[in-house]
Each structure stands twice: as C-alpha cells, then as structure tokens.
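The block underneath contains the structure these notes are about, expressed in structure tokens.
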C-alpha cells in the first residue's frame with residue numbers, strides 16, 4: 001500500500017512538473033513574440049531579433065536603450081606605421097573618387113591638411129579595393145553644427161561599401177543607440193560613448209575582418225569589427241550580420257574586395273590622417 005501511494009504521489013509530481021514546463025514554454029513563447037514585436041535587443045544586448053515580418057519603417061530597427069555610459073577619452077592620434085597604405089595625408093585627394101560615377105572628388109581640400117564633405121556632392125570612395133584591414137582615421141564635426149539626433153554631424157565610414165561604422169556628434173546629443181557614433185549601424189550598440197565636443201578632432205582605429213561568402217551570397221564565415229573611439233574600446237570583435245540597412249534586416253550578397261567609402265550625409269564633416277594596413 002505504501003508503494004502504491006508513493007507511485008501515485010510521484011506520478012502527480014511528474015504531471016505537475018510537466019504542466020509547469022508547458023506553461024513556462026508558453027510564457028517564453030509569448031515573451032519572444034512580444035520581444036520581436038517590440039524590437040528589443042537580443043540577450044547579448046547588441047543586435048535586433050530578425051525573426052518575423054520584414055520591417056517597413058526605419059524606426060522599427062532603432063533602439064534607445066541601454067544607453068552606453070559616457071567616457072572621457074584621452075589623446076589617441078597616431079602616426080602611420082611603416083607598412084601602412086596612406087589613403088589621405090592632407091596633400092591631395094588622388095586616392096579617392098566620387099562613389100556615384102568614379103569622377104574626381106568634389107569635397108574640399110583644406111589648408112590644415114583635412115578634407116570636408118561638400119553637402120550634396122555624394123559619397124567618396126577609395127580608387128583601390130580592400131579586404132580585411134586595420135584602419136585609422138580622424139574626423140571632426142564643425143563647432144557651429146546645428147540640429148539634433150541623426151541630423152547633427154552625420155557621416156559614416158563603410159568597409160567594402162557595405163558595412164558601416166557610424167560617425168555622428170553624440171556629445172550631449174541623444175539618438176537611437178544602435179545609430180550613435182561608433183555603432184555598427186543598426187547592428188551593434190557601442191560599449192561606451194567616447195565622443196568629444198563638436199569642433200574637436202576625434203579618432204577611430206578599426207579592425208575589420210571581412211565576411212566570407214559563397215557565390216550564392218550565403219555567409220560561410222561572419223566578419224567582425226573591433227573599434228576604438230578616441231582610444232576607448234567600443235566594439236569588441238562583434239559579428240557583422242550583413243549589409244547595413246536603413247529599413248529592414250541586414251542582407252548578405254556575394255562580393256569580393258571593395259573600396260572604403262566615406263559618406264556625404266549633408267553635413268560638413270571633416271577627415272584627416274587616414275591610413276590602412278591590409279590583414
């Protein structure tokens with residue numbers, strides 16, 4: 001009789017446990033659907049869930065938290081190493097062309113050894129194509145810049161013309177965090193906000209590992225970004241999910257080496273001291 005009672009009790013406990021598991025699974029499913037609907041970040045806090053319907057509005061892939069902590073950077077300007085390819089030393093724009101048609105650059109070459117976006121002229125790209133590399137560049141937002149959010153010193157540096165590290169004035173300027181300075185645009189939020197005030201020179205040191213894709217555009221190996229902003233680590237070998245998209249999910253497409261590109265986003269952003277080491 002004791003054995004029978006024990007078996008009945010054990011069966012009841014197992015059934016109860018099974019019901020709890022089913023309820024938990026249901027709750028998790030409902031939570032996941034809510035997460036996808038709300039477009040929250042994944043568990044690692046870095047990348048939006050891409051299940052479900054393709055977004056049709058840009059704000060569907062914009063996130064406003066968690067907000068990266070503010071860090072005060074030090075001096076992070078560097079001379080090019082001996083094996084670097086000098087892409088811009090302040091003397092000419094001969095290694096660059098208009099991205100739209102390959103014509104000569106229309107951006108301004110300044111007396112201080114920098115170049116500045118001429119709004120409306122279009123993006124610049126390197127005449128040479130590159131794969132995996134280490135890139136150093138310095139950029140500055142004009143001190144008299146006006147606007148807020150994404151309309152404040154907006155530009156970007158694109159690797160292989162597809163994968164963007166955002167440039168933006170985020171010194172006391174809020175925007176969606178996966179679109180602020182140092183973000184892998186719409187893919188990875190920076191670990192910290194290391195922005196200096198507008199009018200001051202800033203630096204990026206970026207390690208880019210190019211994605212590996214087959215002829216069908218299928219990823220065989222994810223690429224990765226490591227980014228230092230003004231000497232502060234803000235992206236730590238994060239995977240590249242595909243092309244950056246203003247609306248919709250990242251996409252993968254077959255391609256080989258391709259130019260580096262600087263963006264004309266209708267703001268007078270300046271650049272100087274750009275060099276690259278192929279990996």
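Coordinate-derived values only; no laboratory data. Every value quoted in this text rests on a predicted model; they were computed, and no experiment measured them. Every residue, glycine among them, receives a Cβ derived from its backbone with ideal geometry; neighbour counts consider all protein chains shown.
At-a-glance table
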| quantity | calculated |
| --- | --- |
| Spin-label model distance (nm) - residue 246 vs residue 54, 7 Å beyond Cα toward Cβ | 1.7 nm |
| Rg/Rh ratio calculated on Cα atoms of the range 78-181 (Kirkwood radius) | 0.96 |
| Neighbour-count ranking [beta-carbon atoms within 10 angstrom, fewest first] of 92, 155 | 92, 155 |
| Footprinting exposure proxy for 186, 140, 57 (fewest neighbouring C-beta atoms within 10 Å first) | 57, 140, 186 |
| Efficiency of FRET from Cβ geometry, residue 72 and residue 111, R₀ 35 Å, rounded to 0.05 | 0.70 |
| 25 °C / 0.890 mPa s Stokes-Einstein diffusion coefficient of the range 197-247, Kirkwood radius on C-alpha pairs, µm²/s | 192 µm²/s |
| Ratio Rg/Rh [Cα only; Rh per Kirkwood] for the range 58-278 | 0.93 |
| Coarse-grained scattering of the range 123-236 at q = 0.15, 0.21, 0.24 Å⁻¹, given as base-10 log I(q)/I(0) from a Debye sum over alpha-carbon atoms | -0.65, -1.18, -1.44 |
| Potential extension, residue 92-residue 237 segment - 0.36 nm per residue separation minus Cα distance | 48.9 nm |
| P(r), alpha carbons of the range 76-123 - 10 Å bins starting at zero, rounded % | 23, 47, 26, 4 |
| Residues 205, 257, 215, 264 arranged by fewest to most Cβ contacts within 10 Å | 215, 257, 205, 264 |
